[in-house]
Amino acid sequence: MTKRIAGILLAAGGGSRLGRPKALVEFRGRTLAERGVALLRDGGADPVLVVTGAVPVSMPGTRSVHNPDWATGMGSSLAAGLRALREPGEGGPSPAGDGSGDADGPDAAVIALADQPLVGPESVRRLIAAFRAGASVAVAAYDGKPRNPVLIGREHWPSVLATVTGDTGARPFLRAHPELVTVVECGDTGSPDDIDTAADLARIEGAPGPG
């Protein structure tokens, strides 16, 4: 049976240092949320969930999951996305007997951040390939440094949910279980530069990366 890999785009932040919610920021003709969804979808993730918070985000072919605790940090948004994948109707298992989808839901999830627009879809493809080759956790690295996106197999979601806090996301889980992590070099596929400030946005507008 072909393994199903979902995508979770974390796009809930209010962009306090940027002065506006990042999800709606325009970058090379598309919003950061639109670029993040394209990254996951073009990389092979399906379904794609967008975790929202500060502003609503709705795009065709995706499911929006509102995180009411978005202001507490990325950890709560990751938790909201993973929980949604475990529930009927949000990309997770279909209700018993309705015949609309896989009874067990996705086998893994690729987590990406909306504020890293230079990450390329090839990174997602490589993570998915690593998972299908036997890795249960895979992390994209750039010049050997682990960053994002991150793929986490379904069997580890409960452990991730038990450790997420504040802005750390999956980091506590990854640090506690280095033996599970497959590092996948993606330095030739894009850049994990973040947009946190207006200066960041101006700087990476001219940087090479996905159009």
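None of the figures in this text is laboratory data; all of them are computed from the coordinates on show. Predicted, not measured: the structure shown is a model, and the values here were computed from it. All Cβ positions, glycine included, derive from the backbone under ideal geometry; neighbour counts span all protein chains shown.
Tabulated results
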item: Magnitude of the charge dipole, segment 5-205, Cβ model with Lys/Arg +1 and Asp/Glu -1, debye to 20; result: 220 debye
item: Residues in segment 5-25 that a label on D200 would reach, taking backbone N under 16 Å of a point 7 Å out along Cα→Cβ; result: 10-25
item: For segment 128-138, 3J(HN,Hα) per residue [Karplus equation, 6.51 cos²θ - 1.76 cosθ + 1.60, θ = phi - 60°, Hz, x = Gly/Pro]; result: 5, 4, 5, 5, 5, 8, x, 6, 9, 9, 9
item: The chain: antiparallel DSSP beta bridges as a percent of all, rounded to 5; result: 35 percent
item: Cut-off of 10 Å, at most 13 other beta carbons, DSSP loop: longest stretch of the chain lacking such trypsin sites (Lys or Arg not before Pro); result: 29-211
item: Cβ-derived FRET efficiency at R0 22 Å, R83 paired with T2, nearest 0.05; result: 0.35
item: Long-range amide H partners of G105 with built H, under 5 Å; result: S94
item: Exposure proxy ranking, count of Cβ atoms within 10 Å, fewest first, for T2, T197, T62; result: T2, T197, T62
item: Cα centroid of segment 161-185 to Cα centroid of segment 1-61, whole Å; result: 21 Å
item: Relative contact order [Cα under 8 Å, 6+ residues apart], the chain, whole percent; result: 23 percent
